[in-house]
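Accompanying notes for the structure given below.
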Amino acid sequence: MTSSYEHHDYDVLIIGAGGAGLRAAIEAKQRGLKVGIITKSLLGKAHTVMAEGGMAAAMGNVSSEDNWKVHFRDTMRGGKFLNNNRMAELHAKESPDRVHELEQWGALFDRTTEGKILQRDFGGHRYARLAHVGDRTGLELIRTLQQKVVSMDTDVFMECKVLKLVHDGDGRIAGCVAYWRPTGEFVTFSAKAVILATGGAGKSWKFTSNSWEGTGDGHAMALWAGAQLIDMECIQFHPTGMVWPLSVRGLLVTEGVRGDGGVLRNSEGQRFMFNYVAPMFRDETAETEEEGDKWYDDHAAGRRPPELLPRDEVARAINAEVKAGRGSPHGGVYLDIASRRTPEFIRRRLPSMYHQFMELAGVDITSESMEIGPTCHYIMGGVKVDADTAATLVPGLFAAGEVAGGMHGANRLGGNSLSDLVVFGRRAGMGAADYIESGQAATSMDMSEVEAAIKDALAPFEKTEGENPYDIQRDLQEMMQLNVGIIRTASEIEDATNQLETFTQRVKNIAVKGGRAYNPGWNLATDLPSMISVCKTVARGASLRKESRGGHTREDFPKADPEFAKFNFAHTTDGGNWDSGIVTTESPLLPMPEELQALLEETK
Amino acid sequence: MKTFPIIRDLVTDVSFNFEQAKKVPALMPPPMPEGGYIMFQEDVERGQEFRKCIECFMCQDVCHVIRDHEANKLHYSGPRFFIRYAELEMHPLDMNDRRDLVREEMGLGYCNITKCCTEVCPEHIKITDNAIIPLKERVVDAHYDPVAWLGRKIRRKTKTSAQDAAVQPAP
Ligand SMILES: Cc1cc2nc3c(=O)[nH]c(=O)nc-3n(C[C@H](O)[C@H](O)[C@H](O)COP(=O)(O)OP(=O)(O)OC[C@H]3O[C@@H](n4cnc5c(N)ncnc54)[C@H](O)[C@@H]3O)c2cc1C
Ligand code: SF4
Ligand code: SF4
């Protein structure tokens with residue numbers, strides 16, 4: 001194969017340097033393989049770094065009653081039973097080992113008085129389960145993995161953006177094509193196996209906790225390469241994002257605030273969450289403020305306060321309060337910890353939040369309430385994978401972390417992502433290594449695919465007049481927020497579907513000026529095809545799922561319908577390009593073994 | 001800001017930092033006991049301060065040893081990595097010994113405690129007081145105190161030298 005581009009060759013190529021990508025790299029490296037990692041930002045800056053609250057693992061250090069079975073049950077219930085039950089099982093069983101492993105690699109978690117890893121309470125988890133370091137757990141996770149990866153002398157390509165996956169002549173994944181952001185030069189990578197670990201897709205919504213990286217590139221590349229995306233309609237809106245000032249609207253306020261005693265109030269000062277406890281959660285939720293308050297000090301003295309229900313429940317309740325005219329001046333509600341805990345406690349337990357509000361909003365959270373509202377946070381949907389090996393339906397392609405689907409079903413519990421990254425990052429590394437050892441891997445890239453991808457990427461430079469990518473991005477974000485946001489309805493979804501066709505045409509009409517080196521307009525122009533593909537699958541799933549479940553709420557179908565609990569909507573394309581049509585099928589859920597079924601029943 | 005040349009500079013600087021990161025020998029803990037390690041909050045807190053580092057590298061950019069003498073980059077790792085060494089040295093489980101490395105290759109001696117790094121750190125890490133000064137004290141002890149030196153020789157049976165331990169065995 002001759003190529004006029006810079007070229008690199010690896011056994012395992014990992015796209016993404018968040019928790020999932022780094023953990024996969026360690027595993028593949030330990031199998032003696034040649035490993036390359038690509039990130040479009042810098043090593044150590046991926047989304048994972050922003051995670052605050054913690055990492056869920058049933059170690060039972062705080063509540064000795066906890067074990068993997070309860071964690072499994074909580075995860076399935078939180079996911080409204082759309083989850084891949086094998087993933088939920090592996091995750092619950094393996095996450096304690098992954099936490100301990102991080103400690104062996106240098107992570108310093110907060111401790112209990114007996115010197116064990118401290119665990120904190122979080123929404124939807126029956127017991128205190130989240131290992132954490134203050135409110136900067138994601139930083140600890142990524143730094144630990146990064147240091148481990150660096151000590152193993154792994155190649156990391158930074159500020160290098162992958163555009164498209166490349167097959168061999170037989171439909172196996174053989175590598176990818178990318179460009180260097182600093183220079184705009186193209187580069188090709190060939191590999192026996194590729195692991196997608198590109199994170200989420202929240203950047204297509206107006207109010208989002210996601211950074212510029214969350215454009216869903218991996219979701220889209222998998223789709224174009226022939227893999228299936230499932231559950232794309234299931235999007236988590238985190239109940240507590242900042243709503244003010246506008247410039248930081250969407251920025252996350254950790255759930256730890258509620259875990260540590262913070263409560264939600266409407267403009268009348270009422271703790272409204274008591275009015276929104278769904279029947280499924282009534283048995284384990286406090287009925288009065290007194291009962292809920294006792295729980296913080298002694299979990300045996302009362303049941304959990306309703307502020308700690310799963311995120312979708314809380315987000316919907318806030319939405320309803322605001323709609324009913326009981327919101328705060330900037331369209332949110334109040335999160336109050338000031339009246340409930342001492343300033344010293346707040347500053348010690350929630351240092352980042354204290355600084356965030358002080359510096360960005362001029363609000364002292366030790367004496368005032370925070371104004372908060374739902375913000376697009378996490379996409380449960382993703383690439384369909386085999387639980388044990390993280391293999392997708394395309395030979396040679398693996399996926400782990402937020403880009404993979406199935407683990408969280410219709411709704412993710414807080415803290416279950418960081419553990420997901422390391423459990424399935426590791427399994428992706430193992431899966432890729434086994435695949436390579438089986439001798440089935442691709443040996444050459446189809447260069448015509450490379451050329452086609454490069455041609456597409458350069459198209460915006462060929463026009464002198466055309467659309468500005470920033471306008472398209474802004475309009476797309478507004479449109480998705482409005483039509484496929486937290487509460488959906490048939491007419492709006494249909495409108496979104498039609499508008500997405502218009503957006504497709506607008507993207508084809510983009511004109512970019514200047515050179516290729518550090519050209520943010522061009523960078524965005526290469527993000528937009530991914531964003532559009534992802535939005536199309538979200539809108540398609542949202543229109544077909546005529547019920548409400550987890551991160552998908554239909555105003556016109558407000559109840560869950562058991563018929564829809566039997567399958568995931570799975571999307572592919574009919575041409576492998578970003579503007580190809582989307583084909584959707586019903587993909588039956590993995591049958592649940594009796595032992596697991598029994599767990600759900602026995603601990604109801 | 002002039003665009004291209006400055007950005008190029010930045011890129012080279014960042015790669016200097018990533019090169020330095022490669023030289024840090026990893027943590028070397030004893031085998032994990034059943035149920036996990038026992039460490040107390042007081043023991044982990046010192047290290048946790050250093051692990052707050054967000055790798056903005058402002059301390060590296062402000063340090064005159066790096067800034068004024070390009071040649072120093074060869075044998076000076078800078079404040080970001082001094083806190084990393086300090087964190088590992090103070091880690092309750094670590095069995096590695098990096099003191100020779102810190103003195104000989106990381107150039108701790110070049111630092112003359114101007115505290116500029118501490119002043120710019122957005123995470124308010126007390127780089128000089130809590131990392132560099134204690135590290136300097138430990139290195140000096142190790143080097144000149146014959147008793148400590150002898151002790152170290154003996155302990156080397158259980159402690160691998162920093163060089164040997166550059167790649168940590170997989171647990
Ligand atoms: C503010 C915030 C707080 C959170 N708090 C928690 C929490 O407390 N607990 C929890 O469990 N979860 C939390 N989450 C969720 C969790 O952090 C994410 O789901 C998780 O970090 C995703 O990790 P990842 O490894 O899948 O991908 P990421 O960490 O998002 O990394 C993606 C990587 O892929 C790279 N990439 C993407 N596209 C390309 C491309 N085209 N070419 C090259 N590279 C590319 C990026 O550069 C990056 O390196 C939080 C999320 C946010 C936003
Ligand atoms: S105290 Fe030392 S490391 Fe810090 S800026 Fe001054 S010379 Fe550099
Ligand atoms: S200035 Fe502080 S946060 Fe930034 S790299 Fe240095 S030590 Fe880390």
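Sorting the segments A:495-508, B:73-86 by their mean number of nearby beta carbons within 10 angstrom, highest to lowest, gives B:73-86, A:495-508. Karplus-derived 3J(HN,Hα) values for region B:102-112, using 6.51 cos²θ - 1.76 cosθ + 1.60 with θ = phi - 60°, are 4, 6, 7, 10, 8, x, 3, x, 5, 5, 10 Hz; glycine and proline are entered as x.
Peptides A:177-190, A:290-303 ranked from most to least packed give A:177-190, A:290-303, packing being the mean of other C-beta atoms within 10 angstrom over each peptide's residues.
Taking only the alpha carbons of region A:563-602, we obtain Rg and Dmax values of 15.9, 48 Å in that order. The distance from the alpha carbon centre of region A:124-160 to that of region A:353-428 is 13 Å, rounded to a whole number. Near the amide H of residue A:236, within less than 5 Å, lie the amide hydrogens of A:377, A:378, A:379, A:380, all on another chain or at least 5 residues away, with H placed in the peptide plane. Each part reduced to its alpha carbon centroid, region B:98-144 and region A:199-217 end up 40 Å apart.
For residue A:9, project a label point 7 Å along Cα to C-beta. Then give me every residue of region A:37-79 with its amide nitrogen under 20 Å of that point. Flagged as within label range: A:37-38. A cysteine counts as unpartnered when no other cysteine's C-beta lies under 4.7 Å of its own; in the protein assembly as shown this applies to A:160, A:176, A:234, A:376, A:535, B:53, B:56, B:63, B:111, B:116, B:121. Placing a pseudo-label 7 Å from each Cα along the Cα-to-Cβ vector at residue B:133 and residue A:567 gives an inter-label distance of 7.0 nm. Note on residue A:340 and residue A:474: the extension gain reaches 44.3 nm, defined as 0.36 nm multiplied by sequence separation minus the Cα-Cα distance. Couplings 3J(HN,Hα) of region A:13-21, computed from phi: 10, 10, 9, x, 10, x, x, 5, x Hz, in residue order, whole Hz [Karplus 6.51 cos²θ - 1.76 cosθ + 1.60, θ = phi - 60°; x for Gly and Pro].
When the protein assembly as shown is described by a simple charge dipole with +1 on each Lys and Arg Cβ and -1 on each Asp and Glu Cβ, the residue from A:328, B:26, A:208 located farthest towards its positive end is B:26. The long axis of helix A:311-323 is offset from the longest Cα principal axis of chain A by roughly 70 degrees.
At a probe of 1.4 Å, how much accessible area disappears from chains B and A on forming the pair, both sides counted, to the nearest 100 Å²? Interface between B and A: roughly 3000 Å². Taking amide H as placed 1.01 Å from N in the peptide plane, residue A:8 has its amide H under 5 Å from the amide H of A:188, A:189, A:190, each at least 5 places away in sequence or on another chain.
In straight-distance terms, cross-link reach from residue A:323 covers every one of the aspartates and glutamates whose alpha-carbon lies under 18 Å from its own, apart from those fewer than eight places away in the same chain; here that gives A:268, A:312, A:313, A:371, A:492, A:555, A:556. Listed by chain and number, the lysines whose alpha-carbon sits under 18 Å from that of residue A:161, ignoring those within fewer than 8 places in the same chain, are A:40, A:45, A:203, A:455. Scoring A:14-23, A:559-568 by mean Cβ neighbours within 10 Å over their residues and listing the highest first yields A:14-23, A:559-568. For region A:255-268, 3J(HN,Hα) computed residue by residue from phi via the Karplus equation (6.51, -1.76, 1.60; θ = phi - 60°) reads 4, x, 4, 6, x, 9, x, x, 10, 9, 10, 8, 5, 8 Hz, glycine and proline entered as x.
Bridging of residue A:80 to lysines at a Cα separation below 19 Å is possible for A:69, A:384, A:546, A:559, A:566, A:604, once same-chain residues fewer than 8 apart are set aside.
Close amide H partners of residue A:208, meaning residues 5 or more places away or on another chain with modelled amide H under 5 Å apart, are A:376. Rg and Dmax, both from the Cα atoms of chain A and both in Å, are 23.0, 73. Relative to the longest principal axis of the Cα atoms of chain A, helix A:85-104 runs at roughly 90 degrees.
The values are calculated or read from the model by the stated rules, or taken from the named source; none is laboratory data. It should be emphasised that the depicted structure is a prediction, and the values quoted were computed from it without experimental measurement. Cβ sites come from the backbone with ideal geometry, for glycine too, and all protein chains shown count toward neighbours. For the accessible areas, the whole protein counts, side chains as well, though only heavy atoms, and no ligand, DNA or RNA atoms are used. Shrake-Rupley method; radii C 1.70, N 1.55, O 1.52, S 1.80 Å.
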